1. By how many degrees, 0 to 90 and rounded to 10, does the Cα axis of helix 108-123 deviate from the longest principal axis of the chain?
2. Mind checking the angle between helix 35-48 and the chain's longest principal axis? C-alpha axes, 0 to 90 degrees, to the nearest 10.
3. In deg cm²/dmol and to the nearest 500, what is the mean residue ellipticity at 222 nm of the chain if only DSSP H runs of at least 4 residues count, each as -39500 (n - 2.57), divided by the residue total?
4. Let me check I have the definition right: for the chain, take the eigenvalues of the Cα gyration tensor, multiply each by 5, take square roots. What are those semi-axes in whole Å, largest first?
5. Quick check: pseudo-label points 7 Å beyond the Cα along Cα→Cβ at residue 153 and residue 131, how many nm apart are they?
6. In 5 Å bins starting at 0, how do the alpha-carbon pair distances of segment 21-94 split up by percent?
7. Mind pulling the angle between the C-alpha long axis of helix 13-27 and the longest principal axis of the chain? Nearest 10 degrees, somewhere in 0 to 90.
């Protein structure tokens with residue numbers, strides 16, 4: 001079965017919440033809420049923030065035979081301060097990119113990132129950032145991201 005890469009549909013946000021839950025469990029983080037409450041909150045949040053946080057999904061079996069959401073990539077669309085050169089400026093922050101482990105190393109993750117970046121281009125975003133974990137830096141580098149000496153960060157705890 002092929003994998004479709006496309007914008008998430010509202011009715012898929014519960015499945016996307018399941019991916020986010022699974023990711024944290026894999027990382028060994030103890031949940032602070034039960035899975036049912038988290039799923040309901042996450043899906044509601046995703047629907048309320050659909051304009052500012054666009055979700056791209058990877059779906060295996062996207063047909064009448066059934067489907068399974070296997071990956072997600074979120075693009076936070078952030079307004080930027082106007083300048084005399086551009087009154088309407090927006091940037092993006094790629095967030096929460098996750099693909100179930102059994103589907104990794106087949107190019108699906110790269111396809112999700114490419115789709116999210118294509119969406120960013122269509123929206124006219126001036127730049128897209130990503131906060132990468134140490135293990136994922138090579139993945140993002142293969143997908144067009146590069147370290148920037150202009151981007152600084154402070155941890156506020």
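1. Its long axis makes an angle of about 40 degrees.
2. 40
3. Values: 4 runs with 51 residues, N = 157.
After summing the helix terms and dividing by the residues of the chain, the value is -10000 deg cm²/dmol.
4. Working: eigenvalues 137, 69, 64 Å².
With the √(5λ) rule applied to the chain, the semi-axes are 26, 19, 18 Å.
5. That separation, rounded to one decimal, is 0.6 nm.
6. So the P(r) values, bin by bin, are 3, 12, 13, 18, 20, 14, 8, 6, 4, 2, 0.
7. Tilt of helix 13-27: around 90 degrees.
Each value in this text was obtained by applying a stated rule to the coordinates, not by laboratory testing. Everything quoted here is computed from the prediction, not taken from an experiment. Note that each Cβ is placed from the backbone with ideal geometry, even for glycine, and that neighbours are counted across all protein chains shown.
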